[in-house]
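Coordinate-derived values only; no laboratory data. No experiment lies behind these values; they were computed from the predicted model shown. Cβ placement follows ideal geometry from the backbone for every residue including glycine, while neighbour counts extend to all protein chains displayed.
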Amino acid sequence: MLVSLMVPCYNEEEALPYLYEALCKVMQECPKYEYELIFVNDGSRDKTLSLLRDLAAKDSRIRYISFSRNFGKEAAMYAGLSAAKGEWIGLLDADMQDPPSLLPQMFDMLEKDECDIVATRRVSRKGEPPIRSWFARRFYHLINRFTDVEIVDGARDFRVMRRPVVDAILSLNERQRFSKGIFAWVGFRTKWLEFENVERIAGETKWSFWKLFRYAIEGIVSFTTAPLRIATVVGFLTSFGSFIYLLYYFVHAIIHLIWKDRPGYPSLLSFMLFLGGMVLMALGVIGEYLAKTYIEVKRRPLYVIAEDNKKEEDQ
Ligand code: UDP
Ligand code: MG
C-alpha cells in the first residue's frame, strides 16, 4: 500500500535535512508500506529548492513541486494533497514541530482503529509567546461559538488521512482556504493523538501578528455568516432604542417648551456618532463578505507551478 507524506516548505533549508532524516527513519521503521514524499516549495527565497532537487536526485520516492512565488501554506497543502497518489495521506510541517516520530503510531491507529483520520493536537503551548497563546485561545472560543464546525483548540494540520477524506477536502475548491475549518467540515471518524509542543528545530516561524490576525478573520468569515446577523440585530436594537428616545424627546421638548429651556445638543451629537459608528462597522462586515465573494468569483488558480520533477507521471 502506498503512503504519501506531504510537506509544505517555505524557507526551510535549515530544517529540511533533519526532516528528511527523520522521515527516512520512519520509513525504515514501517517497511510494510510503500512511500511517496511530496515536498511543496512555496516560493522559498533560500536554498530550499536546490536542496529538494538534490534530495530528489538521490531518492526516487521524492516528488517536489515548486511554486512560482509564495502562495501560502494553504495553497501548498492543496497542491500537495492533489499530487498525492497514496491510499493514506500524511501531512506535516517541515520544521519538526509535527514530530515525524509519531507517524508509526499514527499508522498503527489507522490500521487498527475504526477511523479515517488520525489527527494530532498540542496539549501545551510551551515556548510560544503568551500573548500569541491568549489570542489563539480567544480565537478558538469565538469560532466554535459562531460556526457550525467544531475546531479543536491546539489541533495541528499534522494528520494522516484515508483517500476518501482527502478527496472530500479537495472537493471543497474555494480559493481562500481555511484548512482547520475545512478539515472539521468534511467530518469522518477522527482519532486524536496528543503531544507536547515542540519548538521548531531551525529557521523562523512564518507567522507575524498581522498574518495571524488576518487568518483569524478569514477563519470566521469562511465558516459563518453570523457577523452579518449580528450587524442586523445590533441595527435593529439601535433603531428601536432611538425610537424610544424620540418619544422621550417629544415629551421632554414639550415640557421644555413650557419652561423655555435649551435642548441637549451634546446628547444628540453623541447619539449620532454612535449610530455612525454602528453603520460603518456593519458596512465593514458586509465588505468582508463582499470581498470574499469577489475573490471567489474570479476563480483564479490557487497557485502557479514553476517546477515539478514528476509532472509527466500525472498524465
Ligand atoms: N509554510 C508555507 N508557506 C507559508 C508559510 C509557511 O508553506 O507561506 C510552511 C512552513 O514551511 C512550515 C509550515 O508551513 O512547514 C508551518 O509554518 P511555520 O512553522 O512557520 O508555522 P508555525 O509552526 O509557527 O505555526
Ligand atoms: Mg512551525
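Hull surface divided by four, with the convex hull built on the Cα atoms of the chain: how many nm²? Show your work: numbers first, answer last.
Values: hull surface 81.7 nm².
Its average projected convex-hull area is 20.4 nm².
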Cα pair distances of region 153-288 binned at 10 Å [whole percent]: 8, 23, 22, 16, 12, 10, 6, 2, 0
Rel. contact order, % - alpha carbon contacts under 8 angstrom, at least six apart, region 24-86: 41
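Which shape class, rounded, prolate or oblate, goes with region 1-46 when its Cα gyration tensor gives a ≥ b ≥ c as root eigenvalues, a/c under 1.5 marks rounded, and past that a/b bigger than b/c marks prolate? Please report the intermediate quantities before stating the final value.
Details: a/c = 5.38, a/b = 1.87, b/c = 2.88.
It is oblate, given that a/c is not under 1.5 and a/b is not larger than b/c.
Okay, helix-only estimate at 222 nm for the chain: each DSSP H run of n ≥ 4 adds -39500 (n - 2.57), divide by all residues, round to 500 deg cm²/dmol; what do you get? Can you show the working numbers first?
On the way: 11 runs with 167 residues, N = 315.
The helix-only estimate for the chain comes to -17500 deg cm²/dmol at 222 nm.
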Relative contact order of the chain, pairs being alpha-carbon contacts under 8 Å that are 6 or more residues apart, as %: 22
Top of Glu36, Glu12, Glu21 by mean-square fluctuation, Gaussian network on the chain, Cα under 10 Å: Glu21
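Could you compute how fast region 12-107 diffuses translationally, taking Rh as the Kirkwood radius over C-alpha pairs and applying Stokes-Einstein at 25 °C with viscosity 0.890 mPa s? Give it in µm² per second.
Numbers: Rh = 13.8 Å.
Once the numbers are plugged in, D ends up at 178 µm²/s.
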The chain: most fluctuating residue of Ser60, Ser267, Ser171 per GNM, C-alpha cutoff 10 Å: Ser267
Exposed chymotrypsin sites (Phe, Trp or Tyr not before Pro) absent - longest run of the chain, DSSP non-H/G/I/E/B, at most 16 other C-beta within 10 Å: 34-187
GNM flexibility winner over the chain from Ile38, Ile258, Ile62 (Cα, springs under 10 Å): Ile258
Acute angle (nearest 10 degrees) that the helix 16-29 long axis makes with the longest principal axis of the chain, alpha-carbon atoms: 60
Extension gain from Met281 to Phe188, taking 0.36 nm per residue of separation minus the Cα-Cα distance: 29.7 nm
Which of Val166, Val149, Val40, Val251 has the fewest Cβ neighbours within 10 Å, and the rest in rising order: Val251, Val149, Val166, Val40
